[in-house]
Amino acid sequence: MRLLNMLAAVGLLATVGATIVQAEEPSQSGSPAVIPVAADGVQRATVTLDSYSYTPNYLIVEAEKPVELTLTSVTTLIPHNFIIKDPAGSLSVEQDVSAGKTVTIRFTPTQPGIFPIYCDKRFWPLPSHLDKGMEGKLEVR
Ligand SMILES: [Cu+2]
């Protein structure tokens, strides 16, 4: 228990340190990242895929403006994907990202709402990556 606390404290320090040194890094996992609109009207961001996470994992964009996401996998072996699905059908994104690869995707959200992002890869009979916490949210305003 004490070791875990220590590890948590070290992790916290490392996070704070990184924030100070590199203020322009994307938001850490868990904190909403408001994606800025570039001069050309495109909302650009980079999302890092790891096993089993997206960083940042909460993206906030504006409706009716194109979104361009650079998906960078930092894994050495495990393939992932990046899925955004609106059950009502306004948005459907599905992109495979092989281990260590970078892929850029573009889409234009039309409906405001909060949509799930997830990886549905699975090495049966192990739990799916989504079950392991590989998920996030896209908030369209
Ligand atoms: Cu995955």
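The values are calculated or read from the model by the stated rules, or taken from the named source; none is laboratory data. Remember, predicted model here, so these are calculated numbers, not experimental data. FYI the Cβ positions are ideal-geometry reconstructions off the backbone, even for glycines, and counts take in every protein chain you see. For accessibility, only protein heavy atoms count, side chains too; no ligands or nucleic acids. Shrake-Rupley method; radii C 1.70, N 1.55, O 1.52, S 1.80 Å.
Can Ala23 be described as assigned to a loop (DSSP other than H, G, I, E, B), modelled with pLDDT under 50 and not polar (S, T, N, Q)? For Ala23, the condition - assigned to a loop (DSSP other than H, G, I, E, B), modelled with pLDDT under 50 and not polar (S, T, N, Q) - is met. Once the stretch 124-137 is narrowed to residues that are assigned to a loop (DSSP other than H, G, I, E, B), touching a residue at least 12 places away in the same chain (Cβ under 8 Å) and not charged (D, E, K, R), the residue that is farthest from the ligand (Cβ to nearest atom) is Gly133. Just one residue in the set Glu68, Glu64 is acidic (Asp, Glu), in contact with a strand residue (DSSP E or B) (Cβ under 9 Å, 6 or more places away or on another chain) and surrounded by fewer than 18 Cβ atoms within 10 Å (Cβ to Cβ); that residue is Glu68. For Lys132, are the conditions met, namely being under 15 Å from the mean Cα position of the chain (by Cα), open to solvent by 40 Å² or more (accessible area, probe 1.4 Å) and closer than 20 Å to Ala33 by Cα? Taking the combined requirement at face value, the residue does not satisfy it. Of the residues that sit in the stretch 73-101 and are touching a Leu at 6+ places or on another chain (Cβ under 7 Å), in a strand (DSSP E or B) and under 12 Å from Leu49 (Cβ atoms), which one is most open to solvent (accessible area, probe 1.4 Å)? Among them, the one singled out is Gln95. Here is a check on your reading of the model: is Pro36 open to solvent by 60 Å² or more (accessible area, probe 1.4 Å) and at pLDDT below 95? Considered against the rule, which asks whether it is open to solvent by 60 Å² or more (accessible area, probe 1.4 Å) and at pLDDT below 95, Pro36 comes out as no. Counting only residues that are outside any strand (DSSP E or B), over 15 Å from Glu135 (Cβ atoms) and hydroxyl-bearing (Ser, Thr, Tyr), the stretch 47-72 holds 0 of them.
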